[in-house]
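Remarks on the structure that follows.
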Amino acid sequence: MSECTSPQSDFPMARVSYIDFSMTDNNAVPKLRNGVKVGEGDGTVSLLSLGAMCVEGWRRKRWNPGGVKITTHEVAHEPEAYHLRGGASSGDHIDILGGTPLNEIVGKVATGAGDEVEERIISNIREYASRIDWDGDLDPDYVF
């Protein structure tokens, strides 16, 4: 009878990359909390990942050849002080799903009134997205 063992017995050190949860530096820019750099975004996903395609990519013929109208509506993170999960005005990653602002937008889209959803940008995402080399024509020495 053979025994089944893992070839990576010293996991996670056998991995090339891993998150070192012992690292925290609140003075770093961006802040480093429990091994994760924390910047603009929803607390889990960076602002650039959340919004670049919305404000720029999907508006380009290359990724939206049919010219579907794109409306970007950012929701502010305004947690209620004494609510465990942030309350109805939270814009945090998962909490936003139960938030009033998002539910109002989903309701409009679901009932055929999506044209009532207005463009609303409260971050610097347009500036950040403008610095992306969307068509491969930026100077190769350009650093984001």
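The values are calculated or read from the model by the stated rules, or taken from the named source; none is laboratory data. Keep in mind that this is a model prediction, so the values were computed, not measured. Cβ coordinates were reconstructed from backbone atoms using ideal geometry, including for glycine residues, and neighbour counts include every protein chain displayed.
Each residue in the stretch 25-58 was checked for being in a loop (DSSP other than H, G, I, E, B) and among the aromatic types (Phe, Trp, Tyr), and 0 of them qualify. Among the residues in the stretch 21-42, are any touching a helix residue (DSSP H, G or I) at 6+ places or on another chain (Cβ under 9 Å), at pLDDT below 70 and under 28 Å from Glu127 (Cβ atoms)? Checking the stretch 21-42: at least one residue is touching a helix residue (DSSP H, G or I) at 6+ places or on another chain (Cβ under 9 Å), at pLDDT below 70 and under 28 Å from Glu127 (Cβ atoms). Counting the residues of the stretch 58-87 that are surrounded by 14 or more Cβ atoms within 10 Å (Cβ to Cβ) and at pLDDT below 70 gives 3. Within the set Ser90, Ser130, Ser49, Ser123, the sole residue that is at pLDDT below 75 and among the polar types (S, T, N, Q) turns out to be Ser90.
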